[in-house]
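In what follows, a single structure is set out as structure tokens and then discussed.
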């Protein structure tokens with residue numbers, strides 16, 4: 001069955017349950033396609049032999065009541081996987097083999113899924129194009145030499161290129177939603193505290209969240225249902241009533257109030273993005289929802305705030321990479337020299353840049369001017385959303401200010417790279433859930449996404465809106481398999 | 001504001017990342033353009049705003065302080081670049 005890899009998660013689960021397909025059939029199909037797709041460079045570590053063994057074992061005694069029965073999947077290489085190398089896309093963790101499992105991946109395996117391998121990403125998830133990875137850039141299946149976005153670039157390309165039916169990424173400032181938008185896939189960043197951060201290589205602890213990426217909204221909802229659990233191992237995990245997101249999914253969004261924030265109409269935004277947004281507004285109206293113009297007045301301050309808060313937290317989190325306990329070590333004349341050389345040779349340029357920004361804004365004499373100031377502005381940004389949610393149930397915006405760009409196009413200008421996350425960053429700063437769904441193509445045929453932002457813990461609502469819109473949009477991803485010879 | 005080479009050297013020392021002259025110049029340029037962008041925050045008056053330290057409006061849950069992982073020394077040492085079975089080994093610190 002050559003079309004196995006084209007099937008959605010929902011279809012695969014159905015075909016396993018009614019015994020039309022075995023886990024081995026499915027696992028083999030995704031491995032075969034992955035073998036032919038090396039040029040995309042989505043894998044850092046392949047775990048194919050072990051995946052086939054697990055699939056065979058599953059088929060001998062299949063438990064079809066599980067939510068992901070015998071479904072193979074690859075995950076971003078930021079999740080610690082027991083006995084499988086975990087690099088975070090960095091030279092400094094090039095040889096790191098975790099002795100424990102992240103809670104999110106543990107939840108996935110407990111529901112019957114099988115690990116295919118670990119997916120490429122920007123180094124320590126710091127990047128918007130997957131070009132900062134120590135393991136090289138990732139190709140976007142949409143077109144050659146096009147970035148897949150980042151930091152979950154390998155994850156997005158793997159789903160779009162049908163090398164995995166579903167995957168998980170992490171999102172600190174847009175790292176799930178922006179690559180989803182660039183590859184014509186669906187990506188959800190859950191509410192802060194929804195998915196455990198235990199066992200995820202830390203970038204910025206007050207912003208990081210794991211989330212599902214898939215070909216469609218329903219698959220995303222099912223995976224979210226699996227990964228979102230309260231976890232004592234993460235002190236910021238929140239104990240709230242979690243929905244059965246896929247079972248409760250409905251396209252009935254009649255009477256929902258959707259906010260349209262005028263501040264997201266930024267200078268220099270291509271007309272195609274504005275047109276797409278207008279189309280999105282029409283789609284939600286066609287579904288019976290009402291749109292309301294709203295204001296999020298501090299939107300333009302979100303990126304500058306983010307570029308203080310995230311590097312500050314990163315500089316602290318990445319202090320642990322000292323060449324002593326795990327990871328790469330460089331030779332040094334003494335202890336300090338060893339530290340300095342290890343970190344200089346082990347971290348890439350973007351990571352070093354962010355550690356230095358973070359160290360500077362936290363250093364004596366600058367803390368109030370930068371870090372404290374940013375925390376205060378972060379409060380204003382959150383207040384904007386709180387105010388808006390008195391009037392609306394959700395907010396609709398474009399996911400990104402442009403479609404995917406060429407590899408190398410923005411690598412020399414960090415600020416222009418950072419601007420990519422202009423619509424996604426405010427959501428992380430406020431700790432809210434946001435989902436990006438593919439909504440159309442630009443004149444080059446590249447996909448464009450729309451973002452739906454929800455109230456905290458209201459994942460069900462934005463999934464429902466996305467589900468209703470998805471039906472109206474009827475998006476078809478243009479994948480030509482150009483990389484398969 | 002302007003970040004000069006002396007400041008870069010200072011930050012490099014604080015962050016324990018050795019930086020040669022050429023890298024330092026490149027970093028000074030990058031950091032200056034990033035801080036120009038960050039300066040935008042000074043447009044806002046924030047004297048009476050409470051800083052946001054956590055988006056989660058819940059208090060941290062308490063739990064009893066119990067040892068849950070036992071005998072994991074081997075696991076902890078497993079990934080170290082250099083060890084002598086019981087300890088991490090680092091370059092000599094005391095002469």
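What are the residues in the stretch A:446-460 that are under 18 Å from residue A:238 (Cα atoms) and part of a strand (DSSP E or B), if any? Across the stretch A:446-460, the qualifying residue is only A:454. Here the stretch A:21-42 is the region considered, the condition is being in contact with a helix residue (DSSP H, G or I) (Cβ under 7 Å, 6 or more places away or on another chain) and not in a helix (DSSP H, G or I), and the residue that is surrounded by the fewest Cβ atoms within 10 Å (Cβ to Cβ) is A:22.
Is there a residue being under 27 Å from residue A:319 (Cα atoms) and out of contact with any strand residue (DSSP E or B) (no Cβ under 7 Å at 6 or more places or on another chain) anywhere in the stretch A:218-227? Checked the stretch A:218-227: no residue is under 27 Å from residue A:319 (Cα atoms) and out of contact with any strand residue (DSSP E or B) (no Cβ under 7 Å at 6 or more places or on another chain).
For the stretch A:298-318, a residue qualifies if it is over 20 Å from the mean Cα position of the chain (by Cα) and facing another protein chain (nearest Cβ under 8 Å), and the qualifying residues are A:298, A:300, A:301, A:304, A:305, A:308, A:315. Taken together, B:14, B:52 contain a single residue that is over 28 Å from residue A:329 (Cα atoms), in contact with a helix residue (DSSP H, G or I) (Cβ under 7 Å, 6 or more places away or on another chain) and surrounded by 14 or more Cβ atoms within 10 Å (Cβ to Cβ), which is B:52. Taking the stretch A:420-445 as the range and being within 21 Å of residue A:139 (Cα to Cα) and either part of a helix (DSSP H, G or I) or within 13 Å of chain B (Cβ to nearest Cβ) (or both) as the test, the residues that pass are A:420, A:421. Among all positions in the stretch B:70-89, there is no residue which is loosely packed, with under 14 Cβ neighbours inside 10 Å, modelled with pLDDT of 90 or more, more than 8 Å from every other protein chain (Cβ to nearest Cβ) and under 30 Å from residue A:238 (Cα atoms). Selection of the stretch A:319-349 for residues being part of a helix (DSSP H, G or I), under 28 Å from the mean Cα position of the chain (by Cα) and closer than 23 Å to residue B:26 by Cα yields A:319, A:343, A:344, A:345, A:346, A:349.
Quick grid of which residues meet (1) surrounded by fewer than 19 Cβ atoms within 10 Å (Cβ to Cβ); (2) under 28 Å from residue A:352 (Cβ atoms); (3) touching a strand residue (DSSP E or B) at 6+ places or on another chain (Cβ under 9 Å):
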{"residue": "A:367", "(1), (2), (3)": "yes, yes, no"}
{"residue": "A:378", "(1), (2), (3)": "no, yes, no"}
{"residue": "A:385", "(1), (2), (3)": "no, no, yes"}
{"residue": "A:418", "(1), (2), (3)": "no, yes, no"}
{"residue": "A:422", "(1), (2), (3)": "no, yes, no"}
{"residue": "A:425", "(1), (2), (3)": "no, yes, no"}
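Do we have any residue at all in the stretch A:324-341 that's within 30 Å of residue A:400 (Cα to Cα), touching a residue at least 12 places away in the same chain (Cβ under 8 Å) and more than 8 Å from every other protein chain (Cβ to nearest Cβ)? Looking through the stretch A:324-341, none of the residues is within 30 Å of residue A:400 (Cα to Cα), touching a residue at least 12 places away in the same chain (Cβ under 8 Å) and more than 8 Å from every other protein chain (Cβ to nearest Cβ).
The values are calculated or read from the model by the stated rules, or taken from the named source; none is laboratory data. Just so we're clear, the structure is a prediction, and the values are computed from it rather than from any experiment. Glycine also receives a Cβ, built like all others from the backbone with ideal geometry; neighbour counts cover every protein chain displayed.
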